[in-house]
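Taking it in order: structure first as structure tokens, then the write-up.
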Amino acid sequence: MIVLAVLAILLPFVGAAAGLLGSRVPRSRTPARTARRRAAWFAVLPVAISAVAAVWLAARQAITGGHGAADTVAGTLAEIETGSVPISVGLQVGELSALIGVLVTVVALAVQVYSVGYMRDDPRYPSYSAFISLFTSAMLLVVYAGDLIVLYVGWEIMGLCSYLLIGHWWEDRANSRAAVKAFLVTRLGDVGFLFGIFTLGLSAGSFRIDDVLAADIPTGTLIAATMLLLAGVAGKSAQVPLHTWLPDAMAGPTPISALIHAATMVAAGIFVVARLYPIFLAAQPTLDVLGVIAAVGMLGAALSALAQDDLKRVLAYSTISQLAFMAAALAAGSDHAAIFHLVTHGAFKALLFLCAGVVIHYVGSNLMSHMGGLRTSLPVTFWAMTIGFAALAGLPPASGFFSKDAVIAAIEHSRSPAQLFLYGCALVTVGVTGAYSARAWLRTFFGSRRPVPPSDADDHGHGRAPHEERGRPAVPRSMLWPVVLLAVPALLLGFAGVREFDAESAAISVVIALLGAGVVYSLWRGSPGQDPARMLGPFRVPCERAFYLDTVYDRLVARPVLRLARGVVRTDDRVVDGAVRGSGRAAVGLSGLLRLAQNGNAQLYVTGVLAGVLLIAVGVVVLA
């Protein structure tokens, strides 16, 4: 089984290397179209084989687990001596890692196939697809890692890939700034994450995950370590207060948004907490902090989603809110509910983003104010996105209904000190989720079509000719097949993961979700041309601006740091460099004086010698 895990990790990595180095060989005689075709094969085929390996691993794990065998299979590839705590380069396959491995590879495969059509005219498609493969390989390394240092390697490679992919269209300065913001914010959290790993490894005498979980670590050390780990989790999984990078990350191509939001970056933080859950259970104050963060994040992000006009930003804030639901389940003591919702969310959020990509490709704009009436033009996308929004709102029988009910039930029966606050925020968030899901669905697919102003047209060639583009269909089949296939797990996956069904809790959440959706529908029905978000009244602008948190960070963090940096530059230029330049000028001046005595004039030399002899003679006579 470890061989299959190695294969699943290495194949996307090899595909990434082949896509970067081999798609344009020989460079001088390879047409761009041939390079893109090669890159597509290098992207799709290795990830497809990796998905087969991941599914095989999950099936073997289910079969052996069902016969009472060991829950996990581990293997060490190498042992690195560090002088203190050794690093085991090893992998481990358990029930959790096998399940998440399937999610990662299936969504990555869907994104790679989808991107063949979505990015068909992009000249940098080979590097784009290669970075997706590297992204997939890095996440699989996190999932199957048996050592915390190995996990951290994959964790950081994901950060690099997110920077490269978010800034894919770097010609637009806003895109490059979004990539830099994502990189810096997640790196800030990763500093704490790395120190948390060091704290656990040094306390346990090993970085192997099994050794760390089995070690007798003092409670105070566990609390400190898990708090540090929580900083990295907040950064990667976009939780308060390090969540501000995720909405801006929508600057990247839409398939990248699907990959980041459904199966890689944002899933990594929740996965790590679940993977190390016994440690977090032993550090209850950390779980209490996680519960408060989750409560604030789920409701705040849901309100922000309700006020957005950009369809991708609606889904981005929705991801922050749904991840907070998973964090709330972990804080409430149910890792099963958190992982259940993580898996279903991966399916329906990937579906929603890929459907959004189809809509944006067709319309030529991200803004819902430029959409409307698309259910007849895009019938497949309409039905698929209907399933996705139903799952997001938690409506039966979609998968999100069962997983969200599991989370709500876990919170309801939690003994956390923040249980009442967390439960109240969760119920209100359910209603707001139903509201913004209904709003996005109605504004995108119903009413009358609103034209796109030329100044707002997509800059990357998507949707400039809605019905036909150079004789080709507006929506390539390679974009529709992943949408159709993802609609199946988004609809039915909940039946496979449900353990206990709390009918009372489920009924309450469905009624609240329908209430939120009903308010939006009544406002839209009364005036289809106006945005139902007007019900927020004077709070709409603060919600749309995400409660001005970016402005607060700009004034309290960014500007002081920039002023400090400018002061350091001035000090370096005027004091340090000034001293160096001053010493140089002094040396030049002294050398000018010395040059007067070394000018190459022989007569001056003889005169000097005679003058010296004369002075010596006079001195001798006088002193004698």
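Points worth noting:
- Largest first, the residues 574, 443 sort by 1.4 Å accessible area into 574, 443.
- Between helix 95-118 and the chain there is an angle of about 80 degrees, using the helix long axis and the longest principal axis of the Cα atoms.
- Segment 40-170, accessible surface, carbon-and-sulfur percent (1.4 angstrom probe): 72 percent
- Violating pairs (Cα-Cα greater than 20 angstrom) within the set 312/349; 181/349; 349/404: 181/349
- Convex hull of segment 258-355 built on C-alpha atoms - directionally averaged projected area, nm²: 5.6 nm²
- Measuring nothing but how far apart in sequence close Cα pairs (under 8 Å, 6+ apart) lie, relative to its length, the chain scores a relative contact order of 12 percent.
- Excluding ligands, DNA and RNA, the accessible surface per residue across segment 122-168 is 19 Å² with a 1.4 Å probe.
- Take each peptide in 289-297, 214-222, count the other Cβ atoms within 10 Å of every residue, and average; sorted highest first, the result is 289-297, 214-222.
- Sulfur and carbon atoms: percent of accessible area, segment 191-246 [1.4 Å]: 67 percent
- Take residue 335: with every protein chain present and a 1.4 Å probe, its accessible area is about 60 Å².
- Shape category assigned to the chain from the gyration tensor of Cα positions, a/c cut at 1.5: prolate
- For residue 95, solvent-accessible area (1.4 Å; no DNA, RNA or ligand), Å²: 130 Å²
- Computed with every protein chain present, the accessible area of residue 413 is close to 120 Å² [probe 1.4 Å].
- Between the Cα long axis of helix 284-307 and the first principal axis of the chain there is an angle of about 80°, rounded to the nearest 10.
- Rounded Å value of the spacing that divides the Cα centres of segment 85-103 and segment 498-525: 37 Å
- Per-residue [θ]222 nm for the chain (sum of -39500 (n - 2.57) over DSSP H runs n ≥ 4, rounded to 500): -24000 deg cm²/dmol
- In degrees, nearest ten, helix 311-331 long axis to first principal axis of the chain (Cα): 80 degrees
The values are calculated or read from the model by the stated rules, or taken from the named source; none is laboratory data. Being a predicted model, the structure only gives us computed values, none of them experimental. Reconstructed Cβ throughout: ideal geometry from the backbone, glycine too, with neighbour counts over all protein chains shown. For accessibility, only protein heavy atoms count, side chains too; no ligands or nucleic acids. Shrake-Rupley method; radii C 1.70, N 1.55, O 1.52, S 1.80 Å.
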